[in-house]
1. The conditions are (1) touching an Asp or Glu at 6+ places or on another chain (Cβ under 6 Å); (2) under 25 Å from GLU312 (Cβ atoms), and ASN152 fails exactly one of them. Which is it?
2. Going by the structure shown, is GLY454 in contact with a helix residue (DSSP H, G or I) (Cβ under 9 Å, 6 or more places away or on another chain), buried (at least 23 other Cβ atoms within 10 Å of the Cβ) and not assigned by TED's automatic domain parsing to the domain that holds VAL348?
3. Quick test for you: out of GLU401, GLU392, pick the one residue that is touching a residue at least 24 places away in the same chain (Cβ under 8 Å), within 18 Å of the chain's Cα centre (by Cα) and more than 18 Å from VAL465 (Cα to Cα).
4. For region 160-184, enumerate the residues that are among the hydrophobic types (A, V, I, L, M, F, W, C) and closer than 20 Å to ASP363 by Cα.
5. I'd like to verify a number: residues in region 108-122 that are without any contact (Cβ under 8 Å) to a residue 40 or more places away in the chain and surrounded by 14 or more Cβ atoms within 10 Å (Cβ to Cβ), how many?
6. Every residue in region 125-136 that is without any contact (Cβ under 8 Å) to a residue 24 or more places away in the chain and part of a helix (DSSP H, G or I), please.
7. Give the residues of region 285-300 that are surrounded by fewer than 17 Cβ atoms within 10 Å (Cβ to Cβ) and in a strand (DSSP E or B), sorted by residue number.
8. Could you grab me the full set of residues in region 130-151 that are crowded, with 22+ Cβ neighbours inside 10 Å and either acidic (Asp, Glu) or within 17 Å of LYS72 (Cβ to Cβ) (or both)?
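The values are calculated or read from the model by the stated rules, or taken from the named source; none is laboratory data. Note that the coordinates shown come from a computational prediction; the quantities given were computed from them, not determined experimentally. For neighbour counting, all protein chains shown are included, and Cβ atoms are generated from backbone atoms with ideal geometry for every residue, glycine included.
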Amino acid sequence: MEKLNLSTIPTYRANKRNLLEVRLHPEKKTDKLHLMVCSGTGCEANKSEIICKNLNASIKEKNLQDKVSIVKTGCFGFCEQGPIIKVMPDGAFYVRVNPSDVDEIVEEHLVKGQKVERLLYPEQQKDKNFNKEIDFYDKQMRVVLRNCGVINPEIIDEYIGNDGYRALEKVLSGMKPADVINELKKAGLRGRGGAGFPTWQKWQFASSQVNDQKYIICNGDEGDPGAYMDRSILEGDPHAVIEAMTIAAFTIGASQGYFYIRAEYGLAIKRVQIALQQAYEFGFLGKNILGSDFSFELDIRLGAGAFVCGEETALIASIEGTRGTPKPRPPFPTVKGLFGKPTVINNVETLGNIAQIIDKGGDWFNKIGTENSKGTKVFALTGKVNVSGLIEVPMGTTLREIVFDIGGGIANGKKVKAIQTGGPSGGMISEKYFDTAVDFESLKKLNSMMGSGGMIVIDEDDSMVELSRFYLGFSVDESCGKCAPCRIGGYQMLVILDRLVKGRGKEDDIQKLRDIGFAMQKASLCGLGQTAPNPVLSALNEFESEFLSKIKKPVVVK
């Protein structure tokens with residue numbers, strides 16, 4: 001393969017788009033069916049790899065190779081229903097498919113043209129409307145996840161055919177670093193890793209530094225319980241993140257970048273490795289990218305799964321080969337980061353927005369979301385909900401819409417009690433606040449946070465005391481122990497919660513939890529310690545009676 005350049009890539013992209021027409025425009029008639037098979041981690045754990053092998057064997061046996069294409073895609077988001085096969089342009093949505101179902105699908109659907117009704121998603125079984133998107137996707141808007149479930153993430157031609165690397169082409173065809181920063185500023189993109197810091201400001205700070213070396217790091221060290229957003233993006237659309245990191249490198253003047261991915265994410269690592277090799281072969285990475293005078297090298301570093309290494313300075317220490325513990329800031333990484341050089345660190349989802357912002361313009365992105373929270377947000381919706389999965393909604397969508405319209409309500413006919421957002425750093429939000437619009441400011445007012453995007457639904461049977469102990473226990477286990485407020489305070493809060501769970505609480509335990517939690521928020525060195533008390537304190541604010549019921553009453557001797 002001869003490397004592409006700025007003059008040849010438009011024609012190459014146009015030719016490769018034909019691969020995707022039936023998936024992107026199902027209204028167009030075609031004689032070839034595309035069977036998109038979910039091959040994310042969840043579906044692969046349920047034998048989707050075997051399903052693909054069986055499909056290929058059965059199609060070959062029936063001599064259907066010219067009429068059917070098997071496409072291994074990333075996560076559809078509909079994780080609770082996997083493994084999934086979506087047939088395009090027919091629109092049939094087969095769920096919970098087993099390897100033993102393959103011969104029936106091939107014989108009935110592909111040979112006879114009759115859909116296998118028992119495998120269809122129940123909504124399609126009921127209304128027989130295959131041109132309509134199923135309800136799970138109705139209120140979603142897929143920006144970051146636009147390619148997940150559509151393209152094969154291991155084939156670069158499919159990414160290129162769906163406008164991939166067009167933003168990089170645009171940048172290298174005449175944009176200046178200031179132009180890129182200006183588009184991000186117009187877009188209003190804020191970091192999706194938790195703090196919500198404006199992305200353009202971070203890039204501008206690093207761009208303004210004068211140094212012989214600068215770095216770009218993708219933070220893929222996702223560690224929240226119940227969270228798998230970043231993993232799914234890396235598995236389903238790795239080239240989008242590579243393209244964004246290359247644009248970031250051009251903007252700040254970096255020549256080296258690193259993916260920092262937790263080592264447990266085996267499939268994500270594999271697909272990023274494949275994508276990197278392809279990007280080098282096609283000329284999107286390396287020396288003189290697309291024939292320009294810009295060069296950028298990109299590599300992978302694996303994290304050992306320490307939650308604290310999601311914090312920027314601890315992550316940097318890990319890449320440098322030292323113990324992953326936080327450092328006081330300032331100086332911030334954009335001034336003195338990896339190996340003492342200016343460094344921009346963005347998480348996977350933040351980077352997943354970049355190419356589309358540059359390609360479509362900052363004004364396009366700015367129209368999505370709320371006044372201070374622009375764009376969409378990806379959440380991992382789990383817990384006591386009928387339809388769990390990976391969702392992407394415009395900022396401003398309410399919690400009630402997410403739980404009841406997208407999630408299908410509470411499982412087993414139970415009543416909802418609360419929702420926990422933001423992982424171990426977030427808080428418990430009572431059902432009475434479910435009409436709150438989801439954005440950075442609104443969740444903060446409810447003593448919770450957006451975080452990286454974990455969202456766990458809690459029903460009437462769940463104990464808020466036990467849940468508080470679970471989240472705090474996670475943070476205590478993951479604390480690096482460097483500062484006393486987190487190391488000692490977290491442990492003491494956990495001792496009190498253990499006592500309460502056993503029904504042996506003391507009369508002053510509630511106030512002690514509040515006092516220690518407040519001290520941790522104010523005095524801890526990094527975000528882990530500062531936010532570790534949040535689940536406990538927010539649960540106390542809304543469900544104090546549950547904690548009070550665990551206090552041991554003194555025995556009165558008559």
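1. So ASN152 meets the others, but not (2).
2. Details: in contact with a helix residue (DSSP H, G or I) (Cβ under 9 Å, 6 or more places away or on another chain): yes; buried (at least 23 other Cβ atoms within 10 Å of the Cβ): yes; not assigned by TED's automatic domain parsing to the domain that holds VAL348: yes.
Judged against the criteria, GLY454 is a match.
3. Details: GLU401 fails: within 18 Å of the chain's Cα centre (by Cα).
From the options GLU401, GLU392, the qualifying one is GLU392.
4. Just the residues of region 160-184 that are among the hydrophobic types (A, V, I, L, M, F, W, C), to begin with: 160, 167-168, 171-172, 175, 178, 180-181, 184.
Once the filter is applied, which keeps residues that are among the hydrophobic types (A, V, I, L, M, F, W, C) and closer than 20 Å to ASP363 by Cα, region 160-184 yields ALA167, LEU168, VAL171, MET175, ALA178, VAL180, ILE181, LEU184.
5. We begin by selecting, within region 108-122, every residue without any contact (Cβ under 8 Å) to a residue 40 or more places away in the chain; these are 108-109, 112-120, 122.
Pick out the ones that are also surrounded by 14 or more Cβ atoms within 10 Å (Cβ to Cβ) and you get 108-109, 115-116, 119-120.
Number satisfying all stated conditions: 6.
6. GLN125, LYS126, ASP127
7. GLY286, GLU297, ASP299, ILE300
8. If the condition is that a residue be crowded, with 22+ Cβ neighbours inside 10 Å and either acidic (Asp, Glu) or within 17 Å of LYS72 (Cβ to Cβ) (or both), then LEU145, ASN147, CYS148, GLY149, VAL150, ILE151 are the ones that fit.
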